[in-house]
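S.K.: Below you'll find the structure I mean.
Just so it is clear, none of the values below were taken in a lab; they were calculated from the coordinates. Owing to the predicted nature of the structure, the values given are computational and were not obtained by experimental measurement. Neighbour counts are summed over all protein chains in view; Cβ atoms, including those assigned to glycine, are modelled from backbone coordinates with ideal geometry.
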Amino acid sequence: MIISKKGKYVFGFLLLACTALTAQERKITGTVTGSSDGQPLPGVNVVIEGSTTGVTTDWDGLYEITVPDGTAVLKFSYIGFITKEITAGNRQQIDVVLEEDVSKLDEVVVIGYGSQKKSDITGAVSSVKAEELAAYPALSAEQALQGRAAGVAVQSNNGGEPGAPVKIRIRGGTSINASSDALIVVDGFVGGSMPPPEDIASMEILKDASATAIYGSRGSNGVILVTTKKGKPGKVSIELNSTYSVQEISNRIDLLDADQFAAYRASYNDNYTRGPADTDWQDQIYHTGSIASHQLSFSGGSDTARYYISGTFYDQEGIIINSDLQRFSFLSNVDLDVTDNLQVGLNMFGRRNTANGIITQVASGGAGAAGVVSSAYRFAPDLGIYDANGDYTINSLGDDIDNPVATALENVNERISDLYRANFYADYTILEGLSFKTTFGYSTSNSTTGTFRPTTLIAGAGVGGEATIRNSRSTNLLSENYLTYKKDIGEGSLTVMGGYSYQKNKSEGSFAGARGFVSNSVSYRNLDGGSVYLQPESSLSERELVSVFGRVNFEYDDRYMLTFTGRRDGSSAFSKNNKYAFFPSGAIGWNMANEEFLKESSVISNWKWRASYGVTGNPSIPAYGTLARFSEIYSVIGDNLVNGVAVTVLANDNLKWESSYQTNLGVDIGLLDNRLNLTVDYYNIETRDLLFARPLPEYIGLANPFQIQNIGVLENKGLEVTISSRNISGENFSWNTDFNFSMNRNKVKKLPDGEDILIDSSPGHFLQSDSQILREGEPVGSFFGYIYDGVIQEGQEVPQGFENQPGGELFRDINGRDANGDLTGMPDGMINSDDKTIIGDPNPDFITSLNNTFTYKNFDLNVFFQASVGGDVLNYTLLELASGDSNATTEALKAWTPENTDTNVPAAAVREKRITSRFVYDGSYVRLKNLSLGYSLPEKILEKLGFQKIRFFVSGQNLLTFTDYPGADPEVNYRNDNDERGNTFLGLDYGSYPNVRSLTMGVNVKF
C-alpha cells in the first residue's frame, strides 16, 4: 500500500496523540493514615471526582487506582474523617493523612455499660481526644485533662511536686463533708486508676444525671470513662514515644536580702545584730529538674485475635533538692473472637511508684516543724547553712526551725506503692439483637511510707531520732453482668439494657515507729534499733455494694430521642433502714436539623436540643459510719493503769445517702457542614441530705460526742460552652480551634439549725480559731476575717482594739451588741471578733481554655491557653512574712514610718497572724499551658527507612502566666487532701511545692 506524503503526516499525528494519551493514563498508589495516631485506615473510599471509578484501601491502608490524566482529582472519604481532595498532577504515589471530623456526629461514644452514636446522645457528655491527652509529658492522664473539657476543673494538690495527687471537679463540689471526686471507670472497671496518657484511646466525661445515673449512688460527682488502646487486625505495629524535659520554678517570691533584712529588723528591734552571711535560701533549695518519659507499645493481630501491649517508664527529678519520682507501668489488652457469637478479652494494668518526698504544706509550721518551702521564705538570710561548729543553723528569730537545706536533705520521706488490676470480659450474642456481657475484675494496691528524722534536726534531736513506717493495702473485687437488646422498629431504634453488679472493697493498714536510735544511719528499716517504741496501730474495713441497673434508649427517625435510666444500690455502709436507694433519670432529645424545614439548609447541618432530670447519690461515709463507735481510753483502777473504751459516736439507723437532684438543658449546633460546632449546657444541681458530724450535748454522758446526720442542702448551677471550629482545611494547610468556657455558682442553702459553721484552715502556729465560714446563702469555703482599712495615721480617730498607734493596722468596725447581747450590725467603736465578716470567695467566676492547632505540610503547631478568672486566694505565706518574726517580702521596704506615711503597709513590728482582707488577693490568671512545634518526616524518606511515622517535636509548658497575684503562683492548694478539706479548703496558699515551667524535646516513632 502506497501512502501519500500528506497521509504520512496525519498518521504520525494520530500515533503521537495515542502515545500521549497512553502516557497520561497511569496508576497511582499510596497509603492512607489517620492524623491522630498515624495508623493505616482500611476501607477508605478513593474515587476519581466526577466519575464512578473508585477503589477502597486494604487492611494496611494501601490503595491503587488508574487515573486518566494529570487533571484528575482524587477524593478520599471515610466515616468520621474530613474528606480530602487532591489533584493527581504528575505524581505516581500519593500518601494521604486524613484528619478526624471535628463534628464526629457519627462517632460512637462510650457511655456507661455500652456505647452510642454521638448524634443520639441525650445527656451532657464531653469527649477528649487521645492526642490532646498526650500533647505534652504528664505524670498522669488526670493532669493532662486540665482545660480540655468544659465544666471540668483539674488541679494538683501540691503544685509541681513529683507524684502529687490531682483533684478533679466536674461541675463544682457537690458536697461539704463527703467526697466530691469524680468517679473513674477504666475499661469498665469502676473505681480504676488512670493509665498513662499514651495508652488511652478515648476519654468521655459524663456530667448530667442522664449520663451518670447508671452509676447510681456514685454518680453525683460526674463520671470519667477511660478506654485504653486495643490491637487492630494486620501486621505488627511498634510505636515508641520518648521525651525529655528540663524544668525550673515558674516564679519566686521577692524576699529581703541580708542587708535589707538587717535594716528591717533593726527598725523595730534595737538589740538585733546582723548575722555573718548573705544567703538566698530559694537559690539553695531550687535547682533545674528533669523528666524522662519513654513508652514502647506493640499491637496487631488477626481477624480473630488482637493484642496491645505497652510499657512506660517515667523518671522525674523535682525542682527542689532531694525530691524525685520513678514510675514503671504496663498495660495489656487481648481480645479473641472465639466463635462468631462469642468474644472474650483480658485487660491487665500494673504500676510501681517510688517517690522521695520533701516536707511541704505543713499543718503546723511551729518549732521544728516547718516545711522546706515555707522555711526558705521565713529563714533569716543573714545566716549560712552551717554555723561555726559545722552544724546546721537554726533560725535566729520567731520559732526555732531548721534551715531549709537541712529540712530537705536530712528528712527521709520515702513512699513505694504498687497497683495491679486485671479485668476479664466475655460478650456473647444470644440471637440477633440480643447479647450478654459479663465482666470480672480484681485490683490490689499496696503502699509503704517510711520516714526518719535524724538528730541533726530539731524534731529528732530531743528524742534520739524518730522513725516510722506505715503500710496500707486495699483490694477491689468487681463482677458485673448485663443483657443488651437492640431492635429496629419501623423508622425507630430501641435499645434496652439491664444488669446486676457486685463490688467489694477491703482496706487494711498498720503503723509502727520508734525513737532513741544509737545512730542516724538506721532510717526506718530498723525500728528494733530504737529504745522507745511508738504506739502501734492497725485497721481493717470492708464494704460491699450490690446493684441492679437498667437503661432504655429510643430513637425515632433520627429526630426524636428518649432515655430512661435507673439504678438501685445497696451498701453495707448504711444501716438497715436505708441500706437501699433508687436513682432514676430521664432525658429527651430533638434533632431539629432533620426536620423538613431545616433539612435543605446550607448553613445548619446539626441542631439538637437536649433536656434531662435525675437523681444521683454520694455514699462517701466510712464503712461503719452508721454504727456506734468506741475509742480507747486509759483508766486507773487502784494503782494499776488499765485499758478501757468509751463511746464517742452514736449510731444512726436512719442515715442515708446524699442525693443530688440534677436538671440539664443543652443544645448542640453544627454550622457550614459542621465546620463550626457549638455546645451549650445549663445545669442546676441541688444536693440534699448532706452528711454532717453534728456535735451533741455533753449531758448525754459522752466526751465530745457527735453523730453523723443528714442535714443540709447545697446548690451548684452553671453554664458550659464548647466551640470547635475547622477554620481552614486545605491540602497543605489546616487550622482548627477548640474553645471551652465554664461558669459555676456554688451556694449553701441549708445548714444544721441554720447556724454558721466556722472552719480553721490556718497553720497551727498561727494560733487562730477560724479562717473560713459555711453560711446559708454564701459559697462554700468563703474566707472569714477582718476588713483591712489601711494604716493608722497621726491624729486619726480609730476604734479601740488591736492597734491604736500611728503606723498600726486599721480594721473596719462593722458590728456591735445591744443590751441583750445580740448583734446590731452597727459600729460600736470596738474591734473584736464581732467585726469578722466574709472577706473573699475562692470559687472562680469562670474557667476557660483556647486550643489552636495548625498544620503546614509536615509541620504541626499547637498553642494551648488555659485561664481561671475571679477566684480569691488567701495567702498564708504573705501573711506570715508580714508578721515581723521572720524574713519579709520586699513590700516591707514600703512600711509606714513618720517620714513615709503615704503607704498601705503598716510599720515594721511583731504582730499576731490575724486573718484579714489584706492578704486576700485576686487569683485570676491566663496561662500558656502548652506550645508545641513538630515535624514529621515525609513518606518517601519513611519508605526508605522502613518506618510508618517519625515525628520530632519541641514543646514548652507553663511558658507564660499573666496575673496580678503577688504570690508564687495563683494555681494554689493547701491541705486539700481529704473529703472535707477537699470541699472547704479552697483558694489557700501556704508553703506548697511551686509550679514548674518545662521545655520538652521528643520523638514519636512507629514501624
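S.K.: Mind giving me the FRET efficiency for residue 830 and residue 292? R0 is 56 Å, r the Cβ-Cβ distance, nearest 0.05 is fine.
M.R.: Details: r = 61 Å, r/R0 = 1.09.
With R0 = 56 Å, the Cβ-Cβ based efficiency is 0.35.
S.K.: Measuring from centroid to centroid over Cα atoms, what is the spacing of the range 842-894 and the range 347-405 in Å?
M.R.: Cα centroid to Cα centroid, the span is 25 Å.
S.K.: Would you mind checking the radius of gyration and Dmax of the range 108-228 based on alpha-carbon positions, in Å?
M.R.: Computed over the Cα atoms of the range 108-228, radius of gyration and Dmax are 13.7, 42 Å.
S.K.: For n ≥ 4 DSSP H runs only, could you compute -39500 (n - 2.57) per run for the chain, divide by its residues and tell me the 222 nm figure to the nearest 500?
M.R.: -2000 deg cm²/dmol
S.K.: Also, I was wondering about something else. If packing is taken as the average count of other Cβ atoms within 10 Å, what order do 260-270, 450-460 fall into, highest mean first?
M.R.: Result, highest mean first: 450-460, 260-270.
S.K.: Among 876, 682, which comes first, second and so on when ranked by fewest other beta-carbon atoms within 10 Å?
M.R.: Placing the least packed residue first, the sequence is 682, 876.
S.K.: Can you give the translational diffusion coefficient of the chain in µm²/s, computed by Stokes-Einstein from the Kirkwood radius over Cα pairs at 20 °C and 1.002 mPa s? It would help to have the intermediate numbers written out before the result.
M.R.: On the way: Rh = 32.1 Å.
Once the numbers are plugged in, D ends up at 67 µm²/s.
S.K.: Could you bin all the Cα-Cα distances of the range 695-771 into 5 Å bins starting at 0 and give me the percent of pairs in each, rounded to whole numbers?
M.R.: 3, 9, 9, 10, 13, 11, 9, 6, 6, 6, 5, 5, 4, 2, 1, 1, 0
S.K.: Which far-off residues, 5 or more places away or on another chain, put their amide H under 5 Å from the one on residue 371, with H placed in the peptide plane?
M.R.: 362
S.K.: Could you give the dipole magnitude of the range 132-214 about its Cα centre, charging the beta-carbon of Lys and Arg +1 and that of Asp and Glu -1, in debye to the nearest 20? It would help to have the intermediate numbers written out before the result.
M.R.: Details: 5 positive and 9 negative charges, 72 e Å.
So the magnitude is around 340 debye.
S.K.: Still on this structure: Give me the one-decimal nm value for the distance between modelled label points at residue 447 and residue 696, 7 Å along each residue's Cα-to-Cβ direction.
M.R.: With each label point 7 Å from Cα toward Cβ, the separation is 3.3 nm.
S.K.: Follow-up. List the residues, sorted by chain then number, that are 5 or more residues from residue 790 or on another chain and whose placed amide H is less than 5 Å from its amide H.
M.R.: Answer set, sorted by chain and number: 810.
S.K.: Roughly how many nanometres apart are two label points built 7 Å out from the Cα toward the Cβ at residue 328 and residue 732?
M.R.: Inter-label distance under the simple model: 4.8 nm.
S.K.: Still on this model: Most exposed first by the Cβ proxy, i.e. fewest other Cβ within 10 Å, how do 203, 743, 194, 348 rank?
M.R.: Ordered from fewest to most neighbouring Cβ atoms within 10 Å, 203, 743, 194, 348 come out as 348, 743, 194, 203.
S.K.: Only counting other Cβ atoms within 10 Å, I'd like 259, 120 sorted with the fewest neighbours first.
M.R.: By the 10 Å Cβ count, ascending: 259, 120.
S.K.: Could you work out how much longer the chain between residue 552 and residue 960 gets when fully extended? Use 0.36 nm per residue separation minus the Cα distance between them, nm to one decimal.
M.R.: 142.0 nm
S.K.: Still on this model: Multiply the residue gap between residue 396 and residue 485 by 0.36 nm, knock off their C-alpha separation, and tell me the result in nm, one decimal place.
M.R.: Using 0.36 nm per residue and subtracting the Cα-Cα distance, I get 24.5 nm.
S.K.: Pairs 129/487; 75/487; 579/750: which exceed 29 Å Cα-Cα? Numbers along the way, then the final one.
M.R.: Numbers: 129/487 31 Å; 75/487 35 Å; 579/750 25 Å.
Table pairs above 29 Å Cα-Cα are 129/487; 75/487.
S.K.: Then there is this: How charged is the neighbourhood of residue 790? Take every other residue with its Cβ under 11 Å from the Cβ of residue 790, and add Lys/Arg as +1 and Asp/Glu as -1.
M.R.: Residues near residue 790 contribute -1 overall.
S.K.: Need the list of aspartates and glutamates near residue 84 for cross-linking: C-alpha distance under 16 angstrom, and skip anything on the same chain fewer than eight residues off.
M.R.: Residue 84 reaches 49, 95, 99, 100, 101, 673, 731.
S.K.: Further question: Just round it to a whole percent: the fraction of Cα-Cα distances in the range 698-831 exceeding 17 Å.
M.R.: Numbers: 7040 of 8911 pairs.
Roughly 79 percent, once rounded to a whole number.
S.K.: In nm, to one decimal, how far is the residue 64 label point from the residue 29 one, both placed 7 Å along Cα→Cβ?
M.R.: 0.6
S.K.: Rounded to the nearest 0.05, what FRET efficiency is calculated for residue 642 and residue 472 with R0 set to 30 Å and r the Cβ-Cβ distance?
M.R.: Rounded to the nearest 0.05, the efficiency is 0.45.
S.K.: OK, next. By how many degrees, 0 to 90 and rounded to 10, does the Cα axis of helix 5-24 deviate from the longest principal axis of the chain?
M.R.: Around 30 degrees separate the two axes.
S.K.: Let me ask another. Pull out the extension gain between residue 604 and residue 885, defined as 0.36 nm times the separation in residues minus the alpha carbon to alpha carbon distance; nm, one decimal.
M.R.: Here the segment from residue 604 to residue 885 would lengthen by 94.6 nm.
S.K.: Compute the signed sum of charges (Lys and Arg +1, Asp and Glu -1) over the other residues within less than 12 Å, Cβ to Cβ, of residue 406.
M.R.: Neighbourhood net charge equals -3.
S.K.: If I histogram all Cα-Cα distances within the range 870-1006 using bins 5 Å wide from 0, what percent of pairs lands in each bin?
M.R.: Values per bin, smallest distances first: 2, 8, 13, 13, 13, 11, 9, 7, 6, 5, 5, 3, 2, 2, 1, 0.
S.K.: While we're on this one: Tell me which lysines have Cα within less than 17 Å of residue 437's Cα, excluding those fewer than 8 residues away on the same chain?
M.R.: Counting by Cα, and skipping residues close in sequence, residue 437 has these lysines nearby: 486.
S.K.: Computed FRET efficiency, Cβ-Cβ of residue 436 and residue 794, R0 60 Å: what is it to the nearest 0.05?
M.R.: Approximately 0.10, to the nearest 0.05.
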